[in-house]
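Peer 1: Here it is, the structure in full.
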Amino acid sequence: MEDEPEYVPDPEAVKPEDWDDEEDGEWEAPIVENPKCEAGNCGIWTRPQKPNPEYKGSWAPALIDNPNYSGVWSPKKIPNPEFYEDKTPFASLMPIAAVGIEMWTMTKDIMFDNVILTD
């Protein structure tokens, strides 16, 4: 009975008289519990679980105090003499005159016929 499904379409269900396949779609019987599985013997067998009164939850190591802990680590911040901030980074750029696109593919049927570049 391992291969028997737990639920099956209701064998006693009847398609309603006013059901229209084109309008309502294909009719499906409602799903019910498999009558062959009344004893609970369907599906993959699993070992029954016994309660363990001594179980205290997932194990985690005990936490102990660290007297040398000084908080979350962060790197030292030192001044950088070569740092500068460009207030107008695009003012010094030259206008773009061309764009090159290189495509490598293993399929010969791929084509690009439209490319759009905007600002």
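No lab work stands behind these numbers, since they all come straight from the coordinates. All values derive from a computational prediction rather than experimental measurement. Cβ sites come from the backbone with ideal geometry, for glycine too, and all protein chains shown count toward neighbours.
Peer 1: Report the gain in length on full extension from residue 106 to residue 45: 0.36 nm times residue separation, minus Cα-Cα distance, nm rounded to one decimal.
Peer 2: Numbers: separation 61, 0.36 × 61 = 21.96 nm, distance 4.89 nm.
Using 0.36 nm per residue and subtracting the Cα-Cα distance, I get 17.1 nm.
Peer 1: While we're on this one: Please check the chain for the longest run free of GluC sites (Glu not before Pro) that are loop-located per DSSP (anything but H, G, I, E, B) and have at most 14 other Cβ atoms within 10 Å. If you can, show how the numbers build up before the last one.
Peer 2: Details: sites that count: 2, 6, 12, 17, 26, 28, 38, 54, 82, 85, 102.
Within the chain, the longest run free of exposed GluC sites (Glu not before Pro) spans 55-81.
Peer 1: While we're looking at this one, here's another question. About the Cα centre, and with charges only on the beta carbon of Lys, Arg (+1) and Asp, Glu (-1), how big is the dipole of the chain? Nearest 20 debye, please.
Peer 2: On the way: 9 positive and 26 negative charges, 407 e Å.
Dipole about the Cα centre, nearest 20: 1960 debye.
Peer 1: Among residues other than residue 33 whose Cβ falls under 12 Å from its Cβ, what is the net charge (Lys/Arg +1, Asp/Glu -1)?
Peer 2: Details: positive: 36; negative: 4, 6, 10, 38.
The answer is -3.
Peer 1: Per DSSP helix of 4 or more residues, -39500 (n - 2.57); summed, then divided by the residues of the chain. What does that give at 222 nm, rounded to the nearest 500? Could the numbers behind the result be given before it?
Peer 2: Working: 1 runs with 4 residues, N = 119.
Here the helix-only value at 222 nm equals -500 deg cm²/dmol.
Peer 1: If you average the alpha carbon positions of segment 1-60 and of segment 77-119, how far apart do those two centres end up, in angstrom?
Peer 2: Their Cα centres are 57 Å away from one another.
Peer 1: In segment 19-119, which trypsin sites (Lys or Arg not before Pro) are in a loop and have at most 11 other Cβ atoms within 10 Å, using DSSP for the loop call? Before the final figure, lay out each step's value.
Peer 2: Details: sites: 36, 56, 76, 77, 87, 108; in loops: 56, 76, 77, 87, 108.
Filter output for segment 19-119: 56, 76, 77, 87, 108.
Peer 1: Putting +1 on Lys and Arg Cβ atoms and -1 on Asp and Glu Cβ atoms, find which of 73, 97, 115 reaches farthest to the positive end of the dipole of segment 13-119.
Peer 2: Farthest along the dipole direction, towards plus: 73.
Peer 1: A follow-up question, please. I'm checking a number: the convex hull volume of the Cα atoms of segment 1-116, normalised per residue, in Å³. What is it?
Peer 2: Considering the Cα atoms of segment 1-116, their hull volume per residue is 587 Å³.
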